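The numbers here are math on the coordinates, done by the rules we state, and not lab data. Quantities reported herein were computed from a predicted structural model and do not represent experimental measurements. Cβ placement follows ideal geometry from the backbone for every residue including glycine, while neighbour counts extend to all protein chains displayed.
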Amino acid sequence: MDVQRPDDELISAWLDGETEGHDSERVQDWLRDHPEDAARVRLWAADRDALRARLASVLDEPVPDKLTQTVWRRGGRFASGWRGPWLQVAMAAGLLVAGALIGATWVRGMPPDLSWTAAPRWTQRAAFAHAVYAPEVRHPVEVSVREGDAVQQREQEQHLSRWLTRRLSVPVKLFDLRDQGFELVGGRLLPDGGGPSAQLMYQDSAGQRVTIYLRKADRDAPAAFRYERQGDLGLFYWVEGSSGFALVGPQSRERLLALAQSIYQQDQQSTAAPTR
Amino acid sequence: MTSPRKPTVQANDVFRQQLLGAIPRLRRYARSLVFDAAAADDLVQTTLERALAHWHQFDQRRDLLVWVLSIAHNAHMDQRRRDSRVTVVDPERASAEQDSLAPDPGVDVGLRIDLINALTRLSVEQREPLLLVSVEQLTYAECAEVLRIPVGTVMSRVSRARAALRQWLDGSARPAAGARGLRRVV
């Protein structure tokens, strides 16, 4: 096992999926045996993801008319034939092209085997649980906190929190997302890989739902926020203390990030000063 | 310079549609270069005008995005040469502007300001390849094409940009590169 240390350029290229064959193996072998370097590369990957997440919202902004008009202007003047419905058809076609471009680049830009960038299996269970229970009309949750009067609702909340905490062996807090427009519906116990997990469900005034999936973490290592899309659902997941969190919903990445940050902060506050 | 198609004065509609489709990503790249939203859209506008003026030079077999990103890069460099104001971006101002861009900023856990601040501190020679590879997810070859530099230069600049960004994010509390645990990066 006498591997020569790959330089940072090579490691960085490996992270970008730009190495192959012997070079890839060299980097992977080195990182497996050198946790400090592996931690450094994880930070690079986290920075990359954070940059992407930070700049993603620009893609969702409506394109200013001025720019659209620049594209359709002919000989310095705006061509009248392209106003109205034709312009919209053309714009839709343009969006399709953009989608195809983004899709193609994404597939090509995927790095090779990166165990920490690939979503762990439990996040897939979180997405799956959301897909199964979020559309439920009559029985979205096992324990509802919306029945009865205010006092009964408060009792149900306390019961839910205590019950899930006992079953998961990690503190389960009911996060308050009302500032973000989401009310707690309730929660349920679910089977996870090697033990139980919990799902908390929230709903906004339009009936759109997000779920928080909670489990006992495999490792007690704080990890970066990660974003992942699984079909129509987006999810942010992270590990804090002894708990793994995944926030799942069909909302935009920015919206989910705001919710995830709120949850993260509430979790931090309650850990610092247990008031309830 | 021969083109497979006979160049005409006006760009055709297929090309215009493709160009329209590239706008969102052009805007994102421009924003990450100049930070100020209005200035970024001016850069996009210049890029679109140049692309339309030289549309017959575009080979349809190639990736339009790579082509327009290279035009944006050139336009940005021209602008920097012309207007030194753009080269000196006050990090505080830039992050305030960047903040105003986010439609739904939510609760800040700390990274956003750090990250954009750190980004503004990188030289443009480091920032561009890092953004093209990390955010635009171009291959090194495409990135080299956009910036007209060798692939090996892309590789070393990306690597140095990563290290520099990390140093800024780690802040003055940990100036030296040494053994570090995994730090929360949101």
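Points worth noting:
- Across the stretch A:1-69, the relative contact order, built from alpha-carbon pairs under 8 Å that are at least six residues apart, equals 27 percent.
- When the convex hull of its Cα atoms is projected in every direction, mean area for the stretch A:21-61 (nm²): 3.7 nm²
- Note on the stretch A:121-272: Kirkwood radius taken over Cα pairs, Stokes-Einstein applied at 37 °C and 0.692 mPa s, translational D equal to 214 µm² s⁻¹.
- Spin-label model, residue A:176/residue B:50: points 7 Å from Cα along the beta carbon direction are separated by 5.3 nm.
- As a rough guide to protection, the peptides B:32-44, A:164-176 ranked by mean Cβ packing within 10 Å, highest first, stand as B:32-44, A:164-176.
- By other beta-carbon atoms within 10 Å, ranking B:29, B:140 with the fewest at the front produces B:140, B:29.
- Convex hull per residue volume in Å³, alpha carbons only, for the stretch A:132-222: 110 Å³
- Burial ordering of B:55, B:67, fewest other beta-carbon atoms within 10 Å first: B:55, B:67
- Applying the Karplus relation 6.51 cos²θ - 1.76 cosθ + 1.60 with θ = phi - 60° to the stretch A:172-189 yields 3J(HN,Hα) values of 10, 9, 8, 6, 9, 10, 5, 4, 9, x, 10, 9, 6, 8, x, x, 8, 8 Hz, where x marks Gly and Pro.
- The Rg/Rh ratio for the stretch B:109-174, using Cα coordinates for both the radius of gyration and the Kirkwood hydrodynamic radius, is 1.02.
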